[in-house]
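**Q** The structure is given below, and queries will be raised subsequently.
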Amino acid sequence: MVRELGQVWAEMDADRDGRVSIADLRRYFTRTQPGLLPFLTSIFRAIEGKGRTGMVTFPHLLKALYPEASPADLRTLQAMSASRKSRIAAAAAEAAANDKLLAEIQGVFSVFDDDQRGELDEEEFISAMELTGHTKEEAKGMFKAIDEDGSGVARWAAFRKWYTNNYARFMEEAQRNMLEEAAEQG
């Protein structure tokens with residue numbers, strides 16, 4: 001079913017920009033489900049959510065259909081909906097982006113590694129990670145996970161191993177915690 005949903009999305013997104021307007025949706029429903037046209041605005045607003053940009057993306061559609069799904073679940077559903085060729089291209093793009101980020105972090109790591117010993121203390125590590133866009137809390141969590149032996153330093157080799165094995169999961173958890181905190185406050 002999810003793969004078919006991806007095919008329907010591809011039909012609605014005629015210009016292939018990854019976004020669907022209400023006009024795109026109207027064209028699709030006129031051709032496939034004209035009986036739903038009176039409900040078109042309500043359907044679009046339900047998919048669009050609170051953002052009200054006049055455009056929806058495939059993740060918006062998935063979130064509307066699966067409101068209890070976690071960000072990781074939504075990414076899995078999105079991957080399942082893609083064709084094999086699209087999944088391979090997306091995996092290659094993600095790998096390239098991860099390699100680029102890892103190279104950027106290694107460069108920052110080296111800058112903060114004054115004595116070039118391949119390790120940073122907690123303060124240096126946090127400063128380095130903040131330069132790459134992480135919050136202080138995220139950086140502290142990373143440091144704690146990397147400094148398994150409690151030596152008070154993050155070594156490049158341990159960081160690279162941790163990054164390769166755990167970074168995506170760590171960021172999903174950090175995002176989930178941030179969303180939960182925002183929900184509790186609002």
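**Q** Along the positive direction of the dipole of the chain (beta-carbon charges: Lys, Arg +1; Asp, Glu -1; about the Cα centre), which of ILE105, LEU131, LEU61 reaches farthest?
**A** LEU61
**Q** Within the set of other residues whose C-beta is less than 15 Å from the C-beta of GLY51, count the net charge using Lys and Arg as +1 and Asp and Glu as -1. Can you show the working numbers first?
**A** Details: positive: ARG19, ARG45, LYS50, ARG52, LYS63; negative: GLU48.
Here the count lands on +4.
**Q** To one decimal place, what Kirkwood hydrodynamic radius in Å is obtained for the chain from all pairs of distinct Cα atoms? Write out the running numbers ahead of the final one.
**A** Numbers: mean 1/r = 0.0513 Å⁻¹.
After inverting the mean inverse Cα-Cα distance, the result is 19.5 Å.
**Q** Further question on the same structure: Tally Lys/Arg at +1 and Asp/Glu at -1 over every other residue whose Cβ is under 13 Å from the Cβ of GLU180; what's the total?
**A** Values: positive: ARG176; negative: GLU172, GLU173, GLU181, GLU184.
So the surrounding residues net to -3.
**Q** Next question, about the same structure. Would you order GLU180, GLU48, GLU11 from fewest to most other beta-carbon atoms within 10 Å of each residue's own beta-carbon?
**A** Working: GLU180 10, GLU48 19, GLU11 13.
Final ranking by Cβ density, sparse to dense: GLU180, GLU11, GLU48.
**Q** Please give the FRET efficiency for ALA46 paired with LEU101, using the beta carbon to beta carbon distance and R0 = 45 Å, rounded to the nearest 0.05. Please list the in-between numbers first.
**A** Values: r = 35 Å, r/R0 = 0.78.
It comes to 0.80.
**Q** Explain nothing, just the number: dipole magnitude of the chain about its Cα centre with +1 on each Lys and Arg Cβ and -1 on each Asp and Glu Cβ, in debye rounded to the nearest 20. Walk me through the numbers before you get to the answer.
**A** Working: 24 positive and 31 negative charges, 315 e Å.
For the chain, the charge dipole is close to 1520 debye.
**Q** Shifting gears a bit: What does the charge count around SER127 come to, taking other residues whose C-beta lies under 11 Å from its C-beta (Lys +1, Arg +1, Asp -1, Glu -1)? Don't skip to the answer; put the middle values down first.
**A** Values: positive: LYS136; negative: ASP121, GLU122, GLU123, GLU124, GLU130.
So the surrounding residues net to -4.
**Q** State the percent of C-alpha pairs, over all pairs in segment 92-185, separated by a distance greater than 17 angstrom.
**A** On the way: 2203 of 4371 pairs.
Of the Cα pairs, 50 percent sit more than 17 Å apart.
**Q** Within the chain, count lysine pairs with alpha carbon atoms under 19 angstrom apart where the residues are 8 or more positions apart or belong to different chains.
**A** Numbers: LYS50/LYS63; LYS100/LYS161; LYS136/LYS144; LYS140/LYS161; LYS144/LYS161.
So the count of such lysine pairs works out to 5.
**Q** When each pair of different Cα atoms in segment 2-82 is counted once in the 1/r mean, what is the Kirkwood radius in angstroms, to one decimal? Write out the running numbers ahead of the final one.
**A** On the way: mean 1/r = 0.0773 Å⁻¹.
Taking the inverse mean of 1/r over all distinct Cα pairs, segment 2-82 comes out at 12.9 Å.
**Q** Using Cα-Cα distances under 8 Å and only pairs 6 or more residues apart, what relative contact order does segment 92-185 have, in percent? Write down the numbers at each step before the final one.
**A** Working: 63 pairs, mean separation 21.8, N = 94.
About 23 percent, as a whole number.
**Q** Let me check against my output: what whole-number percent is the relative contact order of segment 2-82, with C-alpha pairs under 8 Å and at least 6 apart?
**A** Details: 70 pairs, mean separation 28.7, N = 81.
Taking the mean separation of contacting Cα pairs over the length of segment 2-82, I get 35 percent.
**Q** Also, quick follow-up: How much mean residue ellipticity at 222 nm does the chain get from its helices, if each DSSP H run of length 4 or more adds -39500 (n - 2.57) and you divide by all residues, to the nearest 500 deg cm²/dmol? Spell out each step's value before the answer.
**A** Working: 9 runs with 130 residues, N = 186.
Dividing the helical sum by the residues of the chain leaves -22500 deg cm²/dmol.
**Q** What is the calculated FRET efficiency for SER127 to GLU184, with r their C-beta to C-beta distance and R₀ = 35 Å, to the nearest 0.05?
**A** Computed FRET efficiency for SER127 and GLU184: 0.75.
**Q** Hey, what did the chain get for relative contact order, percent, Cα under 8 Å, at least 6 apart? Display every interim value, and only then the final one.
**A** Working: 139 pairs, mean separation 27.9, N = 186.
Answer for the chain is 15 percent.
**Q** If you line up the long axis of helix 156-185 against the longest principal axis of the chain, both from Cα atoms, how many degrees apart are they, to the nearest 10?
**A** For 156-185 against the chain, the angle is about 50 degrees.
Read-outs: derived from the displayed coordinates by stated rules, not from any lab. Computed from a predicted model, the values in this text were never measured in an experiment. Glycine gets a Cβ as well: all are built from the backbone with ideal geometry, and neighbour counts include every protein chain shown.
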